[in-house]
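Worksheet: the structure to be examined is printed underneath.
The values are calculated or read from the model by the stated rules, or taken from the named source; none is laboratory data. No experiment lies behind these values; they were computed from the predicted model shown. With ideal geometry, Cβ positions are generated from the backbone for all residues, glycine too; neighbour counts draw on all protein chains shown.
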Amino acid sequence: MSTMPAQGGHSQACCNIPPVVSKGYQNKGSYEEIGGFKTYVTGPNDASKGVLVIYDIFGYFPQTLQGADIMSSSDDHQKYKVVMPDWFKGEPCPIEWFPPDTEEKQKNFGAFFGNVAEKVPAYMKAAKDKFPEVKEWAILGHCWGGKVVSLVVSSPDNIFKAGVECHPAMVEPEDAKKIKVPLCMLASKDEPAEDVKKFEANLAGVAKHVETFDDQIHGWMAARSDLEDSRVKEEYVRGYKTVLTFLQKNM
């Protein structure tokens, strides 16, 4: 399905991921205000490349923060400054709303999101001003953030060198036709397989890595990852290694 193998020689290009903590994770980064948003910031001060992370609907979950820390420090060849804004202003989606299997939950769920894609350019201007040493940026989105990635990197004003979508919600094959930068999509078993296949086919003329983690649920690289399950933990690690390998090859 992919134009780049997930394992083999590519896996040696990056990463010594630190031991993943199943519970009681202690963040390596800190919180700063950037562009009017509380932001989780992690990574070395001399990093020349950066990643904007769009978290999933549950906000600053330990599994999501640990993923940001992994990206900031695991690549042997390239360190990243990783920033994760709190788009929800401290009020993430209540976990009781998921899955949205009642009419009330669906109504709440649908009303929850603002148009974050429109906020990204102004936020990134502030981030670039704050971290002038970072010369190139990528964008990574979990869940609904995957849709944000598709919209942002296909904009005429796009400043990102690469995009990554982890278990993306609302996979729309038509979005891929507008994407002109390298893109990595890591799907779970819960994304519609036919939509993922069509999305990949529509990524024409760009470096791409599209892969489905067949035994993982939507959210396995973020808040819904049960890291006490050894198989989930294994695929969580492999997911982040795949992301780092892709970024190293395409930034």
Open item on the list: Quick check on my filter: what residues within region 212-242 are in contact with a helix residue (DSSP H, G or I) (Cβ under 7 Å, 6 or more places away or on another chain) and either under 22 Å from Lys178 (Cβ atoms) or basic (Lys, Arg) (or both)?
Closed with: Lys241
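Please tell me if Ala169 is modelled with pLDDT of 95 or more and among the small types (Gly, Ala, Ser). Walk me through how you get there before you give the answer.
Details: modelled with pLDDT of 95 or more: no; among the small types (Gly, Ala, Ser): yes.
No, not satisfied.
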Open item on the list: Restricting to region 151-176, and then to whatever is touching a Pro at 6+ places or on another chain (Cβ under 8 Å) and assigned to a strand (DSSP E or B), can you tell me which residue is farthest from Glu191 (Cα to Cα)?
Closed with: Ala162
Task: Residues of region 177-211 that turn out to be touching a strand residue (DSSP E or B) at 6+ places or on another chain (Cβ under 8 Å), surrounded by fewer than 23 Cβ atoms within 10 Å (Cβ to Cβ) and in a helix (DSSP H, G or I), as a count - done: 3
Task: Residues within region 149-196 that are touching a helix residue (DSSP H, G or I) at 6+ places or on another chain (Cβ under 8 Å), over 20 Å from Thr64 (Cα atoms) and of a type in the set (Asp, Glu), tallied - done: 5
- [ ] Sort out which residues of region 145-168 are surrounded by fewer than 19 Cβ atoms within 10 Å (Cβ to Cβ) and within 16 Å of the chain's Cα centre (by Cα), and write them in order of number.
- [x] Lys161
Open item on the list: Give all pairs with beta carbons closer than 7 Å in which a residue from region 175-194 that is over 14 Å from Ser155 (Cβ atoms) meets a residue that is among the hydroxyl-bearing types (Ser, Thr, Tyr) and not in a strand (DSSP E or B); count only pairs at least 6 apart in sequence or on separate chains.
Closed with: Leu186/Thr242
Open item on the list: What are the pairs with Cβ atoms under 7 angstrom where one residue, in region 226-239, is part of a loop (DSSP other than H, G, I, E, B) and the other, located anywhere, is buried (at least 19 other Cβ atoms within 10 Å of the Cβ)? Sequence gap at least six, or different chains.
Closed with: Asp226/Val232; Leu227/Gln63; Leu227/Tyr236
